[in-house]
Amino acid sequence: MIEKKLSSFPGVRVEPCLWGDTYGARLNASGLSIPTYDTARTIEEYQDDDNYTALWELLYSDPLCELRAINVDKNEKVPFHPVEISPGEKFEYEIRNHKYSSTFIRKLQDVELDNVFEDALKSVINSEPFKTAVNFNPDALIDDYSIITRAITAKASILVPLAFQSRWACE
């Protein structure tokens, strides 16, 4: 059928492709990794995945990039009543003094990542981009805690190899 359709084009010759022979290809696991029609995705789904992947690539190279991004064009502190705690100060206090569940702490300890998490957390909340966001754009942090969690996760992912480097070198 393909040969018949292509024969109308001048200079086109169809050659057989012998799957699995010396010049062909072999589908390992009977082509199990080839998606079926039902599992195919739309362009929009790929774009969402690509954006998510791109975000994490940025975070892995600069864990504070989202904090820097929300600070763009912010040059005035958020007004507040002098006797009250500002929304940013309240948010920072809550982050610094948050009590994590014993289950979460135990899981970190089980995989020896409790110190890595603590170092990543301190690194993020002591950073200039975090302090700037707290003072100039606290609503962005308060409205989207995931900015902080992604920053901490990305920073921890950078610290993990450093934390275990000496152990891996000895094993």
Subject >> Residue that is within 21 Å of the chain's Cα centre (by Cα) and part of a helix (DSSP H, G or I), where the choices are PHE117, PHE91 >> reply: PHE117
Original post:
Taking the stated definitions as given, is THR149 within 24 Å of ASN71 (Cα to Cα) and either of a type outside the set (Ser, Thr, Tyr) or under 18 Å from the mean Cα position of the chain (by Cα) (or both)?
Top reply: yes
Original post:
From ASP114, ASP139, ASP143, which residue is more than 13 Å from ILE70 (Cβ to Cβ) and among the acidic types (Asp, Glu)?
Top reply: ASP114
Original post:
Here are some conditions: (1) at pLDDT 85 or above; (2) in a helix (DSSP H, G or I); (3) out of contact with any helix residue (DSSP H, G or I) (no Cβ under 9 Å at 6 or more places or on another chain). ALA169 meets all but one. Which one does it not meet?
Top reply: (1)
Subject >> In the range 122-141, the residues that are surrounded by 19 or more Cβ atoms within 10 Å (Cβ to Cβ), part of a helix (DSSP H, G or I) and not β-branched (Val, Ile, Thr) >> reply: PRO129, PHE130, ALA133, PRO138, LEU141
Original post:
In this structure, does ASP119 turn out to be at pLDDT below 90, closer than 19 Å to PRO63 by Cα, acidic (Asp, Glu) and surrounded by fewer than 19 Cβ atoms within 10 Å (Cβ to Cβ)?
Top reply: no
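The values are calculated or read from the model by the stated rules, or taken from the named source; none is laboratory data. All figures in this text were calculated on a predicted structure; none of them were measured in a lab. For neighbour counting, all protein chains shown are included, and Cβ atoms are generated from backbone atoms with ideal geometry for every residue, glycine included.
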